[in-house]
Amino acid sequence: MKYSGLLFYILSAHHNVGASAQIITKKIETRKLQTPEEQACLGALLYSGFSILDTAKYSNWFTNNSTMELAPAGVYTGLDNIREYVNFVFGPFADRYESSPEHQFVTVLSAEANKCEVFVTGINSIALSPKTTKGGKCEVEVSNTMHYTYVFTSPESAEISIEKVHIHFPEEFLTWFFTDQLNTPQTTAFVCTVLQNSCSDVYESNGFDGDESQIECQKYFDSVPLVEEFGNVRAFSQGCRKLHSAFANLNDDHCPHISFIPMEDLNGEIKCQDSSDSGRTYLDNFTTETLEMMKAKGAEHFGENIMFRELDNGLEVTKLPLSKKSKTKTKTKKNGKKSENVGKKGKKKKSTAVR
């Protein structure tokens, strides 16, 4: 039996929705849920069991038509691509990535009959790997807006189908991550090792061969800009290749994306080269009001108008007290030869080798 949102609202008024629902409800401070549709939207999200970090269960919530976008990084379409992108936070650059449920805030931005847009924000703790980064630790506010439809299958269970998700990491965090923490010899070595071992055809097509090829690859990689304008990592930058090297380490479909010379992937797309869409900003995904809400929630945790703070290396991220009034401030720290670009998992394309 399927339940409408309105019927759920009526039933829930006479039913104990449990401690988890009460926790979420307490976090809705800036916007009161006024309508049955808003109540049903939140109830459906709760009873669907959705968790953005529970990627093993993504088939319960995402479809092949779903999209997820982080404006500085790119758009990911379909269940598998979205799962792969989110799993980046558990990849080779991080030792630990954890959310803090007690610091989540959820509110409904719009609600129609069985169709919702919600805003979710919370504090995540990250410990980076010293094997591939500088090994820094931080706390960061991570936010998203999510559009989904829903249906209740009982008064205490629901199914949601997510249409699109827009992700927000603060710009100061992305700068810290891509231009500081991942600006190390071990990061460079990781990218070039993936290129050589997992993407051998791409590696050779870029002109790297012989005993000195790793040195040549790393030297060239270090000459590439760290990021593009606005901290973007969509185009020709180290950041784009660092992102896709984590993917290519497990899935060689991404090998063309870390090539230094333009190379088409299996879908005929060329990534980490063209800057035509690198000007996208968070204003393309979020309203000014939503961005201000992020700042306000960040201020509640960090005590200032910031959404990120670096932690001293001596502190364990998971043991740091999550105070609401901290005054910690953010620390910010060849001539080519022609080669035939065959590329592992890539299409043939005439290009100029990088060395």
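Summary of computed values
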item: Residue in the stretch 90-125 that is least open to solvent (accessible area, probe 1.4 Å), counting only those that are in a loop (DSSP other than H, G, I, E, B) and over 20 Å from Phe302 (Cβ atoms); result: Phe93
item: The stretch 46-75, residues that are charged (D, E, K, R) and touching a Gly at 6+ places or on another chain (Cβ under 8 Å); result: Lys57
item: Residues (touching a strand residue (DSSP E or B) at 6+ places or on another chain (Cβ under 8 Å) and closer than 17 Å to Val194 by Cα) located in the stretch 249-270; result: Ser259, Ile261, Met263
item: Single condition Phe152 does not satisfy, out of (1) part of a strand (DSSP E or B); (2) among the aromatic types (Phe, Trp, Tyr); (3) within 22 Å of the chain's Cα centre (by Cα); result: (3)
item: Some residue of the stretch 126-144 being open to solvent by 50 Å² or more (accessible area, probe 1.4 Å), touching a Gly at 6+ places or on another chain (Cβ under 8 Å) and under 23 Å from Ala296 (Cβ atoms); result: no
item: Condition check for Val142: at pLDDT 95 or above, β-branched (Val, Ile, Thr), in contact with a Leu (Cβ under 8 Å, 6 or more places away or on another chain) and not in a loop (DSSP other than H, G, I, E, B); result: no
item: Failed criterion for Cys192 (all others in (1) open to solvent by 10 Å² or more (accessible area, probe 1.4 Å); (2) more than 24 Å from Val75 (Cα to Cα); (3) within 24 Å of the chain's Cα centre (by Cα) hold); result: (1)
item: Filtered residue count, the stretch 201-253, keeping only those that are among the hydrophobic types (A, V, I, L, M, F, W, C), assigned to a helix (DSSP H, G or I) and open to solvent by less than 50 Å² (accessible area, probe 1.4 Å); result: 8
item: Qualifying positions in the stretch 169-200 - in a helix (DSSP H, G or I), touching a helix residue (DSSP H, G or I) at 6+ places or on another chain (Cβ under 7 Å) and under 20 Å from Phe247 (Cα atoms); result: Leu174, Phe178, Thr187, Thr188, Ala189, Phe190, Val191, Cys192, Val194, Leu195, Gln196
item: Qualifying residue in the stretch 54-70 (condition: within 21 Å of Tyr282 (Cβ to Cβ) and modelled with pLDDT under 95); result: no
item: Meets criteria (more than 20 Å from Gly49 (Cα to Cα) and among the aliphatic types (A, V, I, L, M)) for Val108; result: no
item: Residue match in the stretch 257-268 (condition: touching a Ser or Thr at 6+ places or on another chain (Cβ under 6 Å) and among the small types (Gly, Ala, Ser)); result: no
item: The listed residue being part of a loop (DSSP other than H, G, I, E, B), open to solvent by 20 Å² or more (accessible area, probe 1.4 Å) and touching a helix residue (DSSP H, G or I) at 6+ places or on another chain (Cβ under 8 Å), out of Leu266, Leu291; result: Leu266
item: Residues (in contact with a Phe, Trp or Tyr (Cβ under 7 Å, 6 or more places away or on another chain) and either under 22 Å from Ser129 (Cα atoms) or in a helix (DSSP H, G or I) (or both)) located in the stretch 254-263; result: His254
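The values are calculated or read from the model by the stated rules, or taken from the named source; none is laboratory data. Computed from a predicted structure; not experimentally measured. Glycine gets a Cβ as well: all are built from the backbone with ideal geometry, and neighbour counts include every protein chain shown. Note: areas computed on protein heavy atoms with side chains; ligands, DNA, RNA excluded. Shrake-Rupley method; radii C 1.70, N 1.55, O 1.52, S 1.80 Å.
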